[in-house]
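The values are calculated or read from the model by the stated rules, or taken from the named source; none is laboratory data. Quick caveat, the model's predicted, so the values are computed rather than measured. Neighbour counts are summed over all protein chains in view; Cβ atoms, including those assigned to glycine, are modelled from backbone coordinates with ideal geometry.
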Amino acid sequence: MKLLFTIVTVFIVLLFLPEANFAQAVYDTVSIHDLQWVPNPDSSDASLYLGDTVVVGGYVQHSPRELWVGARWACYITDGTQDPWSGFFIIQDDTFVVNTLFGFVQEGDFCYFTGRVASFTGLTQLNLLTNPPVPITIVSSGNPLPDVKVLTCVDLETHGAGEQWESMKVRIENALVTNNNFSGNIAVITDGTGNGYIDDYFWYYRSQFNAGFNPWPSNNTNLNIIGFTRDVGSPYFTVNPRDDSYFEILTNPPVISEDIIRNPGVPLSTDNVVVSTEIVDNGSVASAELLYSVNWGPFNTVTMSMTTVDTFVATIPSQANNAYVRYFIKATDNVGETSQLPGDTSRYIFSYVIRDQGLDIKDVQYTWGYPDDSSPFEGYEVTLQGVVMTDPADWTGNYYIQEKDSAWYGMWISDPNNTPVQGDLITVTGEVQENFGVTRLRNLSNYAVVTPGVGVFNPVTVTTGEIGTGGANAEAYEDVLIRVLNVIVTDPFPDAPSNFGEFEIDDSSGPVRVDDAFTAFNGNQDSTFQQNDTIEQLIGMHYYSFGDYKILPRNNNDIIGHVSVGIEDELEQIAQQFTLSQNYPNPFNPVTHITFNAPKTTQVKIAVYDILGRQVKVLYNAVAPAGSHTISWDATKEAGTPLGSGIYFYQLQSENVTLSKKMILVK
């Protein structure tokens, strides 16, 4: 009956879709195994079909609306076996194009998909054809799916080992949660063979993180877990559970709240520091302990007392000026099960430094040798002083300050209310926040100019290898003005076929990305730079986003001695395709900027739509010359009345091209 319903539904949809919208081309059908298999995964995970347009068949393993992929649809498919290389990932970038029928597929359907083989942070995927669209062929429905593949943590701990299991549904048994608050919403587990990583690629869990709640089981929980593997561009693969039914909890140790509060948050040498948190258990909490160490000495244990229901408190006695204090919490329940937070104190530990003279920027940025890059003062209000290194016009509502021209002495300030002058020495008081891996100050309660016109620091000369992803000093130079010399553009489109305005450079010590966050490069800066272009000096603020460390040049003066491979090559690159960049800033209030590239002189329309698909405003409707164009929107309707907070979509239409992206208005 389900099969009949699906066939009838698809037939009805096809009746009402224009025949001209479907591509007539025929492409080779390739198996999942052949798309995924690589001869030497230790050296390269690039599919042998990368860039080709193919047809692939497989069993759909979940609804295409369940994954956290923004305004897109995606799903995992399988060839029906548990063999290596038997899982694959399908994605549709533009969900305004309904003619693919992707929105109709269901778990258990066997389908044929047509698209271009691509790679995103190492993940091999098929990007469905949408221009023109090629509809999915739903062959049958209600098919049983194969049993999950049982693996161990070591099977996924490295790229070489994990590549054959990419995009497969797997099970890891008898694992222990060692850190349920690893960076990027990841939890770390171990089954004795190595470390595994749980991630939130399904909306069920991402939505809980977005709401400020950590849904992962508490540290020291023993469990079995099922999930879909994903290459996240790090040395390991993550396992992504679909919902809570994918966890089988074997033990239930006490749950220590991540909201551990110290008072005062920025202690002086005269302060006793009170540490409090909530601890709950399915039985009862038998004991809770605060362990602290001073200046790398042995840990002292203080018994925590319960002041109210589930709230436990202990005190770290006052310490001398300039002392460095580390601490963590342990709890044991009535059946002897124990947990601690942080779960893995070799990667991260709660800490603070005593500075009666006031904190400097390094005190807030420095990680004290721990691999986790979170600030010891995250969540607390601090006062810092530094020289303004950027102009307010460089990045609306944001600027950078530096205390020295040295590692660890830069800070990103999110400040929509003040317009500091580049070169002024200022004092700011605000909350320390980890913004997707970058430390910044926000919610300023105080801003003052100490000395105007002291001048900016010179950029620190570094190598691309030391500040690139995985480089020895990548974290150290975060938010610091740096300079690299005599570099070559080694990859103008590192995210191809997607384009996020970045390109890659190398001075022969290792690659680093260059990004276009600043207003002067608003859009796809990479369209300006070609393979093998040379740059004598590239200056910019050091930054981190989406798994990569990057340089952000502030304006054209930061790119010195650019020699292009040739104007003909550049024009050829411009002519390749339409591009529509992500609006910037995003989220925004109330003005945002949208950049698009036209491969030739042609009519272009760009309009904004609300979440119900209603047109809100036409931003551009004219003949656009070939090249890059930037337009702005002030969050108003056609009549000029302001819009409320929410999700909106902007769409480019030209000839046979339709491109769409999502943006968020926050008021």
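Of the listed requirements (1) under 22 Å from the mean Cα position of the chain (by Cα); (2) of a type outside the set (S, T, N, Q); (3) within 19 Å of VAL460 (Cα to Cα), GLY386 misses just one: (1). Looking across the range 302-349, the residues that are out of contact with any Pro (no Cβ under 9 Å at 6 or more places or on another chain), among the small types (Gly, Ala, Ser) and either in a strand (DSSP E or B) or more than 25 Å from VAL177 (Cβ to Cβ) (or both) come down to SER305, ALA314, ALA320, ALA323. In the range 201-217 there is no residue that is at positive phi, modelled with pLDDT of 90 or more, surrounded by 21 or more Cβ atoms within 10 Å (Cβ to Cβ) and not charged (D, E, K, R). One residue stands out in the range 448-467 among those that are under 29 Å from the mean Cα position of the chain (by Cα) and assigned to a loop (DSSP other than H, G, I, E, B): the one that is surrounded by the most Cβ atoms within 10 Å (Cβ to Cβ), namely VAL462.
Here ASP231 clears all of (1) within 21 Å of the chain's Cα centre (by Cα); (2) modelled with pLDDT under 95; (3) surrounded by fewer than 23 Cβ atoms within 10 Å (Cβ to Cβ) except the condition numbered (3).
The condition of being of a type in the set (Ser, Thr, Tyr), touching a residue at least 12 places away in the same chain (Cβ under 8 Å) and closer than 28 Å to GLY184 by Cβ holds for only one of TYR447, TYR544, that being TYR544. All conditions in (1) among the hydrophobic types (A, V, I, L, M, F, W, C); (2) closer than 24 Å to SER581 by Cβ; (3) outside the structural domain of VAL69 (by TED's automatic domain parsing) hold for LEU123, with the sole exception of (3). For the range 383-397, the set of residues classified as at pLDDT 95 or above and more than 17 Å from VAL454 (Cα to Cα) consists of THR383 only.
Applying the condition of being buried (at least 23 other Cβ atoms within 10 Å of the Cβ) and outside any loop (DSSP other than H, G, I, E, B) to the range 506-524 and asking which residue is modelled with the lowest pLDDT yields PHE521. The set of residues from the range 167-202 being touching a Lys or Arg at 6+ places or on another chain (Cβ under 8 Å) and within 25 Å of ASP147 (Cβ to Cβ) comprises SER167, MET168, LYS169, VAL170, ARG171, ASP199, ASP200, TYR201, PHE202. Of the residues in the range 177-184, at least one is under 23 Å from ASP548 (Cβ atoms) and over 16 Å from the mean Cα position of the chain (by Cα).
Residue under question is TRP412, and the condition is that it be among the aromatic types (Phe, Trp, Tyr), over 21 Å from ILE260 (Cα atoms) and in a loop (DSSP other than H, G, I, E, B); does it hold? Judged against the criteria, TRP412 is not a match. ASP491 passes every criterion in (1) in the same structural domain as LEU552 (by TED's automatic domain parsing); (2) within 23 Å of the chain's Cα centre (by Cα); (3) on the phi > 0 side of the Ramachandran plot apart from (3). Would you pick out the residues in the range 457-473 that are at pLDDT 95 or above and aliphatic (A, V, I, L, M)? Answer for the range 457-473, where residues must be at pLDDT 95 or above and aliphatic (A, V, I, L, M): VAL460, VAL462, ILE467. The residues of the range 615-629 that are over 15 Å from ASN597 (Cβ atoms) and surrounded by 14 or more Cβ atoms within 10 Å (Cβ to Cβ), listed by number, are VAL616, LYS617, LEU619. Those strands (runs of 3 or more DSSP E) of the range 125-182 in which at least 3 residues are in contact (Cβ under 8 Å) with a residue 40 or more places away in the chain and surrounded by 20 or more Cβ atoms within 10 Å (Cβ to Cβ), considering only elements entirely within it, cover 169-182. Each residue in the range 238-255 was checked for being over 26 Å from the mean Cα position of the chain (by Cα) and in contact (Cβ under 8 Å) with a residue 60 or more places away in the chain, and 6 of them qualify.
Within the range 354-365, residues that are without any contact (Cβ under 8 Å) to a residue 60 or more places away in the chain and outside the structural domain of SER406 (by TED's automatic domain parsing) have Cβ atoms under 8 Å from residues that are surrounded by 17 or more Cβ atoms within 10 Å (Cβ to Cβ) and aromatic (Phe, Trp, Tyr) in these pairs: ASP360/TYR409; ILE361/TRP408; ILE361/TYR409; LYS362/TRP408; LYS362/TYR409; ASP363/PHE377, counting only partners at least 6 apart in sequence or on another chain.
For the range 190-211, the condition of being β-branched (Val, Ile, Thr) and closer than 30 Å to PHE102 by Cβ holds for at least one residue. Can you find a residue in the range 365-373 that is loosely packed, with under 15 Cβ neighbours inside 10 Å, within 30 Å of SER284 (Cβ to Cβ) and not basic (Lys, Arg)? Checking the range 365-373: not a single residue is loosely packed, with under 15 Cβ neighbours inside 10 Å, within 30 Å of SER284 (Cβ to Cβ) and not basic (Lys, Arg).
Name the residue that is surrounded by the fewest Cβ atoms within 10 Å (Cβ to Cβ), counting only residues in the range 580-595 that are modelled with pLDDT under 85 and part of a strand (DSSP E or B). Checked the range 580-595; the qualifying residue surrounded by the fewest Cβ atoms within 10 Å (Cβ to Cβ) is PHE588. From the list ALA635, ALA598, the lone residue that is more than 17 Å from ALA71 (Cβ to Cβ), in contact with a Leu (Cβ under 6 Å, 6 or more places away or on another chain), aliphatic (A, V, I, L, M) and surrounded by 12 or more Cβ atoms within 10 Å (Cβ to Cβ) is ALA635. Of all residues in the range 468-493, those being over 15 Å from ASP558 (Cβ atoms) and either among the β-branched types (Val, Ile, Thr) or outside any loop (DSSP other than H, G, I, E, B) (or both) number 6.
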